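Data block below; observations after.
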Amino acid sequence: MDYTREIIKKIDSMSGSKSSFQVFSDWVKCTALSIAQSVYYSEKREKHFLETIKEYPKDEFAKMTAMLTETFEDKFGDVLGNLFMMSGWGNKNTGQFFTPYSLSLACANLQKYLKDDILEMNEPSAGAGGMVIAVAQTMKEQDINYQKNLRVVAQDLDWNALYMCYIQLSLLGIDAKCVQGDTLENKSFDNLSENVFLTPMYFLNGCVW
């Protein structure tokens with residue numbers, strides 16, 4: 001089954017009084033908040049989640065997230081970035097474009113990774129996380145446990161991009177801090193800031209950085 005197209009169909013079916021882009025934005029927001037709440041509870045995030053989810057049919061977002069999870073069962077890829085571009089939202093709404101995953105993978109393959117090293121990766125304009133995912137895939141193909149040997153700070157100014165990145169890195173078990181903010185301002189954020197989303201693998205690895 002082509003889960004990406006099935007997700008797009010579900011989004012379109014819910015876009016009555018809302019645009020399909022708004023439905024997508026609300027879905028990634030609710031999914032990211034749900035994951036974040038499972039590892040660190042925040043009343044503010046819970047309020048955002050409940051205010052957003054009440055506008056939609058019960059369980060529809062959960063079904064879409066289940067489909068997304070299935071796509072990562074046997075392969076890597078920038079699924080959400082691809083979905084975003086397939087739907088033409090980058091052009092119509094934000095002017096944001098995501099690098100094709102094949103190009104990200106080609107760049108990641110230029111590097112030889114060492115099994116005993118911890119790779120610390122800083123992605124200042126992360127988008128949906130495609131470059132990070134490509135590095136994780138390459139490490140796995142080189143028989144390196146990316147879930148233990150890769151630590152990522154992924155930052156983006158756009159909230160939708162942050163949510164997309166956080167969801168995908170979480171589902172792939174990547175140890176990461178996903179930060180919403182302007183990289184050029186060089187601000188530092190506390191790990192418990194509302195602008196910082198910590199993946200479940202960050203906690204499973206002991207929150208050591």
Q. Which condition number in (1) surrounded by fewer than 13 Cβ atoms within 10 Å (Cβ to Cβ); (2) under 25 Å from S102 (Cα atoms) is the one that C207 fails?
A. (2)
**Q.** So C107, is it surrounded by 13 or more Cβ atoms within 10 Å (Cβ to Cβ) and closer than 30 Å to Y41 by Cβ
**A.** no
Q: Name every residue in segment 134-181 that is more than 13 Å from A108 (Cβ to Cβ), surrounded by fewer than 19 Cβ atoms within 10 Å (Cβ to Cβ) and either charged (D, E, K, R) or touching a residue at least 40 places away in the same chain (Cβ under 8 Å) (or both), in order of residue number.
A: D143, Q147, K148, D158, W159
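When the residues of segment 44-71 are narrowed to those that are in a helix (DSSP H, G or I) and hydroxyl-bearing (S, T, Y), which ends up surrounded by the most Cβ atoms within 10 Å (Cβ to Cβ)?
First, pick out the residues of segment 44-71 that are in a helix (DSSP H, G or I): 44-53, 60-71.
Okay, now just the ones that are also hydroxyl-bearing (S, T, Y), so 52, 65, 69, 71.
Working: T52: 16, T65: 19, T69: 13, T71: 21.
Selected residue: T71.
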Q.
Show the residue pairs meeting these rules: Cβ distance below 7 Å; 6+ apart or different chains; first residue within segment 8-22 and in contact (Cβ under 8 Å) with a residue 24 or more places away in the chain; second residue surrounded by fewer than 18 Cβ atoms within 10 Å (Cβ to Cβ) and among the acidic types (D, E).
A. K10/E60; M14/E60; S20/D12
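What's the total number of residues in segment 134-193 that are assigned to a helix (DSSP H, G or I) and of a type in the set (K, R)?
Within segment 134-193, the first condition is being assigned to a helix (DSSP H, G or I), and the residues that meet it are 134-141, 146-149, 159-171, 183-185.
Filter again for of a type in the set (K, R), leaving 140, 148.
Qualifying residue count for the region: 2.
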Q.
Which of the numbered conditions does D74 fail, given that it passes all the others? Conditions: (1) in a helix (DSSP H, G or I); (2) of a type in the set (D, E, K, R); (3) over 14 Å from the mean Cα position of the chain (by Cα).
A. (1)
**Q.** Residue identified as touching a Lys or Arg at 6+ places or on another chain (Cβ under 8 Å), closer than 27 Å to E194 by Cβ, assigned to a helix (DSSP H, G or I) and of a type in the set (A, V, I, L, M) among A36, A32
**A.** A36
Q) Of all residues in segment 9-40 being more than 16 Å from P57 (Cα to Cα) and hydrophobic (A, V, I, L, M, F, W, C), which is surrounded by the fewest Cβ atoms within 10 Å (Cβ to Cβ)? A) V39
Q | Criterion violated by A108 - all others in (1) farther than 14 Å from Y202 by Cβ; (2) among the small types (G, A, S); (3) touching a residue at least 60 places away in the same chain (Cβ under 8 Å) satisfied | A | (3)
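Just name the residue that is surrounded by the fewest Cβ atoms within 10 Å (Cβ to Cβ) out of those in segment 110-126 that are among the polar types (S, T, N, Q) and within 17 Å of A154 (Cα to Cα).
Pass one, segment 110-126, residues among the polar types (S, T, N, Q): 111, 122, 125.
Keeping just the survivors that are within 17 Å of A154 (Cα to Cα) gives 122, 125.
Values: N122: 11, S125: 13.
Result: N122.
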Q. Any chance segment 175-185 includes a residue that's modelled with pLDDT under 95 and of a type in the set (G, A, S)?
A. yes
Q) Hey, does segment 134-147 have a residue that's among the acidic types (D, E) and over 14 Å from the mean Cα position of the chain (by Cα)? A) yes
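The values are calculated or read from the model by the stated rules, or taken from the named source; none is laboratory data. Given the structure is predicted, the values throughout are model-derived calculations rather than measurements. We place every Cβ from the backbone using ideal geometry, glycine too, and count neighbours over all the protein chains shown.
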